[in-house]
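Participant: Once you've had a glance at the structure underneath, I'll fire off some questions.
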Amino acid sequence: MTAPPTDNQRPPRDGGVAFLLAQLGAHAAAAFAERIRPLELTPPQAGVLRRVGQVPGQSQRGLADALGMHPPRLVALIDELEDRGLVTRARDPDDRRNYAISLTDEGGRTLAELARVARDHEVAITAALEGDERAQLLVLLRRLAEEQNLPPGVHPGFRRMGRRG
């Protein structure tokens with residue numbers, strides 16, 4: 001017969017750090033999706049647009065690798081963004097098998113608006129914190145993400161997109 005757990009062995013009533021991170025992450029992701037809805041973007045489209053803005057002219061393959069996503073799913077996202085006039089594809093002059101992806105002028109304007117929405121979202125999500133607390137939380141979260149080998153600025157949801165099983 002085992003002894004009942006002591007107070008410091010019981011999970012906290014709020015679920016502990018991992019649960020709270022997951023709870024806040026799910027809440028933040030849903031709230032962000034709502035905030036970008038007026039831009040007529042989905043979160044995956046927003047992530048791709050952001051990455052294209054960071055590395056203009058990157059190949060589709062390089063973009064898929066950077067995001068850790070299934071290449072055919074990325075092609076579908078690029079198709080959607082291209083149909084909206086936000087990105088362009090151009091043959092890479094050094095390797096005609098590759099397409100270089102870049103923002104259009106409209107894509108640049110949309111990315112700027114997306115950045116504004118993202119800043120407002122961050123302020124709203126961290127409203128309960130003072131400036132120094134927000135900075136400390138950011139340092140701690142970056143340390144945790146690094147220790148877990150998460151690529152900076154890449155949502156882990158991209159890795160699951162378009163995969164089976």
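The values are calculated or read from the model by the stated rules, or taken from the named source; none is laboratory data. Keep in mind that this is a model prediction, so the values were computed, not measured. When we count neighbours, we look across all protein chains shown, and the Cβ atoms used for this are built from the backbone with ideal geometry, even at glycine.
So that you can scan it fast, the table gives a plain yes or no per residue for (1) at pLDDT below 95; (2) charged (D, E, K, R); (3) over 18 Å from the mean Cα position of the chain (by Cα); (4) closer than 15 Å to I36 by Cα:
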| position | (1), (2), (3), (4) |
| --- | --- |
| Y99 | yes, no, yes, no |
| G107 | no, no, no, yes |
| A115 | no, no, no, yes |
| A135 | no, no, yes, no |
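Participant: List the helices (runs of 4 or more DSSP H) inside segment 46-157, counting only whole elements, that have at least 2 residues being buried (at least 17 other Cβ atoms within 10 Å of the Cβ) and touching a residue at least 24 places away in the same chain (Cβ under 8 Å).
Facilitator: Numbers: elements: 60-67, 71-83, 105-125, 131-147.
Passing ranges, in order: 60-67, 71-83, 105-125.
Participant: Being more than 13 Å from H121 (Cβ to Cβ) and either surrounded by 13 or more Cβ atoms within 10 Å (Cβ to Cβ) or modelled with pLDDT under 95 (or both) is the requirement here; does L20 meet it?
Facilitator: Working: more than 13 Å from H121 (Cβ to Cβ): yes; either surrounded by 13 or more Cβ atoms within 10 Å (Cβ to Cβ) or modelled with pLDDT under 95 (or both): yes.
Taking the combined requirement at face value, the residue satisfies it.
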